[in-house]
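K.L.:
First, the structure itself, so that you have it in front of you.
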Amino acid sequence: MSDSGSGGVRLDEPAVIGRRVLRLRTELGLTQRQLAEPAYTPAYVSTLESGKVRPSEAALRHLAERLGVTSEELATGRPARLAAELRLRLTDARRALATGAPEDAAPLFRALYAEAVEHALPGEQATALLGLGDCLLESGELDDAHECFASVERLLADEPLPRRVPAIRGRANAHRLTGELRYACYLLETALDQLNASGLQDPDALLLLHTASIAPYMDMGAHERAAHAAELAIALAPRVDDPALLAGMHRGVARTLIAQGRIAEADASLAKAQDLYRQLHIRTELAHCHWMRGYVHAQDGDLARAENELRTAYDMLTAKRAALFAEQVEVELADVLRRRGKAQEAEALLRPLLAVGTEAAGTTETPEARSLRAGRGTVHVGAAHRLLGLIAEECGDTAAAEEHYRAALPLLERAGVAGDLAGLCCLLGDLLRRTGRTEAALDAYRTGLAHRATPGTTTLGPAPETNAAPHAAM
């Protein structure tokens, strides 16, 4: 097992270093005496080359100078500046993901990970896997993304918690997108509690965790918890310099403002996020801002502007080949189109997204067909079924409407989206009542009321500590 020198460099075993010294000395045609003098003896070089002694830092510097290499290369076998160059290429790969398609950036991260493994650079391995996980999230490969983030956490298990926070956030996002909202909240809250308990008041890590918790809280209907997370994030912002973190904070805060009916403030917050993402050339997050602004306009009743923003988001995500997010935008665009009286266009968007939709349309799904299934955007799968149910009701097809509402119920129940569940139960109850099934309608209403009554019971663990942002006003 290798040791660390006083400079933090991971040193190879003495036998490995000895063989390296012997090989380099032989290649240069030096005798042991020529390599040793004047500071050391030939006997010392012989003992070192046989692996019986670990060279001191001073000895490494002396030998490396004589052998024409750096002391780090002599001690670890890594070429000079390898780690720095690898980090630069990781930055380039991250830029490729920001501006291009995830399926193009993923091979870059995989190659860099393999290179980091070859040269035993765990920090660079973690960075490469983090980037690969983000690629997989965008393309909708959620199980593989989850494993990447979990691998990062294992690699950095001995590092301080703030180093693992981006991976924890990534794993929570993967759970959220598969509809496991409670567990996503649990992961984020646990990390926050550990940071607070340990005294590791890292503002970047805290801001990332508080911002990440807003989306699952909002999805579950826990608006008060989301608003509290937003307040803590805003308080931390003056202590954070990373523009990407600040942009994410503005985007997350906008969701809570929408829920509070503060539409103008939400739009202003999204505009700040958009400006930062434009400066950083992060196109996926910029598309998310257009997506959210579409939602803002829809909530405000301006459906024409909502449609325009959602189409912009969809075009940007399609150009980036961010498949999962593009499909989710289509669901929200279909909702706006239905509300604008374009039911046929809305249905045409929704049916290819669902396996049940392709079967009902009498078509055969190809491997290339888009499909939002349970476990891959669960909340939006349920929303798509709900919309198809509404369209069917408007067309007078109550049987098809009921089928879609019932298909949506277990998806939304599994995800625990209280507000959406309550609304869906009301739709189903109204349909059942109109078709003369009063008892069944009452059951549906009771189910909806039960979910609506407990929107705050969101997690497996305790609520985050309220003192997560001390000295935030500084």
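The values are calculated or read from the model by the stated rules, or taken from the named source; none is laboratory data. The model shown is predicted, which means the values in this text are computed figures rather than measured ones. Positions of Cβ are backbone-derived with ideal geometry, glycine not excepted, and every protein chain shown enters the neighbour counts.
K.L.:
Would you check which residues across the stretch 135-155 are under 22 Å from P203 (Cα atoms) and crowded, with 21+ Cβ neighbours inside 10 Å and list them?
P.N.:
Answer for the stretch 135-155, where residues must be under 22 Å from P203 (Cα atoms) and crowded, with 21+ Cβ neighbours inside 10 Å: F149, V152.
K.L.:
Of the conditions (1) part of a helix (DSSP H, G or I); (2) free of Cβ contacts under 8 Å to residues at least 40 places away in the same chain; (3) surrounded by fewer than 22 Cβ atoms within 10 Å (Cβ to Cβ), P162 satisfies every one except a single condition; which number is it?
P.N.:
All conditions are met except number (2).
K.L.:
Kindly indicate which of S198, S213 is of a type in the set (S, T, Y) and more than 21 Å from the chain's Cα centre (by Cα).
P.N.:
Residue meeting the stated conditions: S198.
K.L.:
Against the definition (in contact (Cβ under 8 Å) with a residue 60 or more places away in the chain and outside any loop (DSSP other than H, G, I, E, B)), how does L317 come out, yes or no?
P.N.:
It is false that L317 is in contact (Cβ under 8 Å) with a residue 60 or more places away in the chain and outside any loop (DSSP other than H, G, I, E, B).
K.L.:
Where residues in the stretch 1-31 are over 36 Å from the mean Cα position of the chain (by Cα) and among the acidic types (D, E), which of them is modelled with the lowest pLDDT?
P.N.:
That would be E13.
K.L.:
Determine whether A323 is surrounded by 24 or more Cβ atoms within 10 Å (Cβ to Cβ) and in contact (Cβ under 8 Å) with a residue 24 or more places away in the chain.
P.N.:
no
K.L.:
What residue, among those in the stretch 224-262 that are in contact with a helix residue (DSSP H, G or I) (Cβ under 6 Å, 6 or more places away or on another chain) and among the basic types (K, R), is nearest to A287 (Cα to Cα)?
P.N.:
Looking at residues that are in contact with a helix residue (DSSP H, G or I) (Cβ under 6 Å, 6 or more places away or on another chain) and among the basic types (K, R), I get R251.
K.L.:
Determine whether A271 is surrounded by fewer than 16 Cβ atoms within 10 Å (Cβ to Cβ) and over 30 Å from E394 (Cβ atoms).
P.N.:
Criteria met by A271.
K.L.:
So, one more: Of everything in the stretch 193-224, what is of a type outside the set (A, V, I, L, M) and more than 24 Å from R262 (Cβ to Cβ)? Give them in sequence order.
P.N.:
D193, Q194, N196, S198, G199, Q201, D202, P203, D204
K.L.:
Spot the failing condition for R311; the list is (1) among the basic types (K, R); (2) closer than 26 Å to L142 by Cα; (3) at pLDDT below 95, and only one is missed.
P.N.:
For R311, the failing item is (3).
Residue-by-condition table, conditions (1) assigned to a loop (DSSP other than H, G, I, E, B); (2) at pLDDT below 90:
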residue: S371; (1), (2): yes, yes
residue: G375; (1), (2): yes, yes
residue: E393; (1), (2): no, no
residue: G429; (1), (2): no, no
residue: G436; (1), (2): yes, no
residue: A440; (1), (2): no, no
residue: T447; (1), (2): no, yes
residue: A450; (1), (2): no, yes
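K.L.:
Could you check the stretch 193-216 and list, in sequence order, the residues that are at pLDDT below 95 and closer than 16 Å to E159 by Cα?
P.N.:
Q194, L195, S198, G199, L200, Q201, D202
K.L.:
Sticking with this structure for a sec: Is it true that some residue in the stretch 47-68 is touching a Gly at 6+ places or on another chain (Cβ under 7 Å), of a type in the set (A, V, I, L, M, F, W, C) and not assigned by TED's automatic domain parsing to the domain that holds Q125?
P.N.:
Yes, because at least one residue in the stretch 47-68 is touching a Gly at 6+ places or on another chain (Cβ under 7 Å), of a type in the set (A, V, I, L, M, F, W, C) and not assigned by TED's automatic domain parsing to the domain that holds Q125.
K.L.:
Quick check: is even one residue across the stretch 278-290 in contact (Cβ under 8 Å) with a residue 60 or more places away in the chain and touching an Asp or Glu at 6+ places or on another chain (Cβ under 9 Å)?
P.N.:
Yes, there is a match, as at least one residue in the stretch 278-290 is in contact (Cβ under 8 Å) with a residue 60 or more places away in the chain and touching an Asp or Glu at 6+ places or on another chain (Cβ under 9 Å).
K.L.:
Which ranges mark the helices (runs of 4 or more DSSP H) fully within the stretch 34-137 that have 1 or more residues being out of contact with any Leu (no Cβ under 8 Å at 6 or more places or on another chain) and in contact (Cβ under 8 Å) with a residue 40 or more places away in the chain?
P.N.:
Here the list reads 57-67, 71-76, 82-99, 102-118.
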